[in-house]
Ligand SMILES: [Zn+2]
């Protein structure tokens with residue numbers, strides 16, 4: 001959402017095939033026309049656009065002025081682009097124009113649709129094995145406000161770099177934090193006198209790992225607790241619950257791997273009690 005907030009009144013085009021989106025600027029026209037942009041003054045730009053695009057003078061000036069002025073010619077501009085500009089991502093030539101506010105809405109809608117695809121609507125979807133991890137990652141990618149995860153364990157060595165927040169900081173969770181999405185992690189199992197040394201070590205590792213992470217972002221909240229449940233709630237609206245340990249199992253299966261199953265849904269009345277029990281921190 002923050003991405004577009006600096007572009008109030010700007011015109012955007014979006015590829016109807018792949019969703020690639022870019023702002024319509026004079027530089028975009030220069031790129032399409034294959035010209036260097038350096039050293040152009042206003043008049044030179046007008047002349048350049050006039051000669052290069054074949055647009056009426058008023059449109060060339062509107063492109064340079066940007067904002068509302070350009071919006072008035074959105075239809076003509078997109079017709080021109082549909083003939084000449086191939087999508088850098090998928091090579092199709094099929095564009096729609098959008099204002100910044102429309103685009104923001106569209107973005108939210110698309111995220112929502114993506115979520116619903118994985119969470120099955122009012123009816124619960126059951127995921128087994130590999131599919132669980134796919135749904136878990138999809139949720140992290142599309143969450144718009146909050147990711148809440150409760151797990152007994154995190155295993156640094158097993159979970160892929162893709163999800164956790166370590167070293168490179170190039171992970172799905174870090175991406176989410178950058179999008180201003182809150183991340184809550186409840187983890188841990190209470191000490192027991194019968195715990196073997198391996199379990200005690202794992203507990204110690206988790207403690208130090210989370211202690212490092214805690215400072216990453218004000219939007220990252222980590223709490224040590226006593227849970228055996230595995231629960232993920234996205235945007236307080238979509239939930240995964242089941243046997244899969246999201247932060248300690250990488251999701252690679254062979255014939256010896258224990259069977260895993262997870263329910264996915266967005267039924268509000270079932271999500272609320274879970275959220276209140278686990279994530280009120
Ligand atoms: Zn495209």
Exercise for the section: Give me the angle, in degrees from 0 to 90, between the Cα long axis of helix 42-53 and the longest principal axis of the Cα atoms of the chain, rounded to the nearest 10. Expected result: 90
Problem - Normalised alpha carbon radius of gyration of segment 2-107 [divisor 2.2 N^0.38 Å] - result: 1.03
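Can you give the calculated 222 nm mean residue ellipticity of the chain, where each DSSP H run of n ≥ 4 adds -39,500 (n - 2.57) and the sum is split over every residue, rounded to the nearest 500 deg cm²/dmol?
-12000 deg cm²/dmol
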Exercise for the section: Indicate, rounded to the nearest 5 percent, the antiparallel portion of the DSSP beta bridges found entirely in segment 120-278. Expected result: 60
Handout entry: Helix axis angle, 74-84 relative to the chain longest principal axis, alpha carbon, degrees
Key = 90
Practice task
Among DSSP beta bridges whose residues both lie in the chain, state the antiparallel percentage, nearest 5.
Solution key: 70
Exercise for the section: Enter the angle in degrees (range 0 to 90, nearest 10) between the Cα long axis of helix 130-142 and the first principal axis of the Cα atoms of the chain, meaning the one along which they spread out most. Expected result: 50
Exercise for the section: Take the alpha carbon gyration tensor of segment 68-150, find the square roots of its eigenvalues, order them as a ≥ b ≥ c, and report rounded if a/c is under 1.5; if not, report prolate when a/b exceeds b/c, else oblate. Expected result: prolate
Exercise for the section: Counting other beta carbons within 10 Å of each Cβ, put 262, 257, 25 in order, fewest first. Expected result: 257, 25, 262
Exercise for the section: Give me 228, 265 ranked fewest to most by other Cβ atoms within 10 Å of their Cβ, as a rough exposure proxy. Expected result: 228, 265
Practice task
Quick one: check the C-alpha center-to-center distance for segment 83-144 versus segment 179-210, whole angstrom.
Solution key: 33
Handout entry: Cα Rg over Rh - the chain, Kirkwood
Key = 1.12
Exercise for the section: Could you tell me which of rounded, prolate or oblate describes segment 120-278, using a ≥ b ≥ c as the square roots of the eigenvalues of the alpha-carbon gyration tensor, with rounded for a/c under 1.5 and, failing that, prolate when a/b is larger than b/c and oblate otherwise? Expected result: rounded
Practice task
Classify segment 48-108 as rounded, prolate or oblate from the Cα gyration tensor: take a ≥ b ≥ c as the square roots of its eigenvalues, call it rounded if a/c is under 1.5, otherwise prolate when a/b beats b/c and oblate if not.
Solution key: oblate
Handout entry: Residues 223, 191, sorted so that the one with the fewest Cβ neighbours within 10 Å comes first
Key = 191, 223
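Throughout, read-outs are computed from the coordinates displayed, never taken from laboratory work. Predicted model, so just to flag it, every value in this text is computed and none were measured. In this analysis, Cβ positions are derived from the backbone assuming ideal geometry, glycine residues included, and neighbour counts consider all displayed protein chains.
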